[in-house]
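A quick write-up on the structure given underneath.
Here, each number is a calculation from the coordinates, and none is a lab measurement. Nothing here was measured: the structure is a model prediction, and the numbers come from that model. Note: ideal-geometry Cβ built from the backbone for every residue, glycine included; neighbour counts use all protein chains shown.
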2 protein chains.
Amino acid sequence: MDQRISVVTLGVKSLEISRKFYVDGLGWTPAFENEEIIFFQAGGMVFALFLRDQLAADFQADPATFGQAAIALGHNVREKGQVDPLMQRAAAAGAKILKPAREAPWGGYSGYFADPDGFAWEIAWNPDWHPATDGSISIR
Amino acid sequence: MDQRISVVTLGVKSLEISRKFYVDGLGWTPAFENEEIIFFQAGGMVFALFLRDQLAADFQADPATFGQAAIALGHNVREKGQVDPLMQRAAAAGAKILKPAREAPWGGYSGYFADPDGFAWEIAWNPDWHPATDGSISIR
């Protein structure tokens, strides 16, 4: 099995609320959307927002047991100075700041916010992980 | 904010169990690992397995409230015939089959399995989403 994630799909309560956050708030552009799902092209992968009850049905999970995800999505930036403005933009878009950006024990600078469904996003500058021109990132 | 996810980090109970599944079972190769985290290069992004209590601490969440994630990770393949063997390989590696692969209402063929921590992975063939040579995927 290739070491690759093709799609990350978040189960969300309301596409209207999610759209307001990701499209109006963060400025992302959908590639496709209908009444139950929104797809975004995200570099070489796809990011999807899908109504959580339908996502649960899709893999036959019980929507009632969906809790706060033990997961974090990371967004790495090229310059340390880009972290705070992105945290502020997310907050302005309605994100809850989980952890204000600070110096990290691994030598970088990062903070966390939660999207409207509580999914944690880390905005991080890592001096050893430089995003390439196309935005892709490599461990060295 | 660029439309990009740099890192997907799953909070896991035991790195030994996760390693057995992803490395020994699925055949993935770590790029870095220590006693609390394993990083994999996954195309232009990074996939991480991180001890869940430490992940919780990283974004100041309560580990006790972590539940089954309302999230799914997708792995798209080029040929319909690649889905069943990957599902079988995952099962052989210890995955729980959530939904055996079947024809999907959107015209493809897909199934779901859960990794040792219950994270849902969809193995999918979508006739409209062809992975490129480098494995990246684009919505058309």
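Numerical summary
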| read-out | value |
| --- | --- |
| Between helix A:83-92 and chain A: long-axis angle, C-alpha atoms, 0 to 90°, nearest 10 | 30 |
| DSSP bridge pairs, chain B: antiparallel proportion in percent, nearest 5 | 65 |
| Scattering profile of region A:82-135 at q = 0.21, 0.26, 0.31 Å⁻¹ [log10 I(q)/I(0), Debye over alpha-carbon scatterers] | -0.76, -0.99, -1.15 |
| Karplus 3J(HN,Hα) series, Hz, for region A:103-114 with 6.51 cos²θ - 1.76 cosθ + 1.60 (x for Gly, Pro) | 5, 9, x, 8, x, x, 9, 7, x, 10, 10, 10 |
| For A:46-52, mean number of other protein chain Cβ atoms within 10 Å | 3 |
| Modelled FRET efficiency - R0 45 Å, A:A91 with B:K96, Cβ distances, 0.05 increments | 0.70 |
| 7 Å along Cα→Cβ, label-point gaps from B:R89 to other copies, nm, shortest first | 3.7 |
| Values of log10 I(q)/I(0), in the order q = 0.07, 0.11, 0.15 Å⁻¹, for the protein assembly as shown under a Debye, Cα-only, solvent-free model | -0.22, -0.58, -1.18 |
| Inter-chain shielding of B:4-17 (mean C-beta neighbours from other protein chains, 10 Å cut-off) | 6 |
| Cβ neighbours within 10 Å from other chains - mean over A:37-44 | 5 |
| 7 Å along Cα→Cβ, label-point gaps from B:K13 to other copies, nm, shortest first | 2.8 |
| Among the listed pairs A:K80/B:K80; A:K99/B:K80; A:K99/B:K99; B:K20/B:K80; A:K80/B:K20, those beyond 32 Å (Cα-Cα) | A:K80/B:K80; A:K99/B:K80; A:K99/B:K99; A:K80/B:K20 |
| Cβ-vector label at 7 Å, A:H130, separations to other copies in nm | 3.5 |
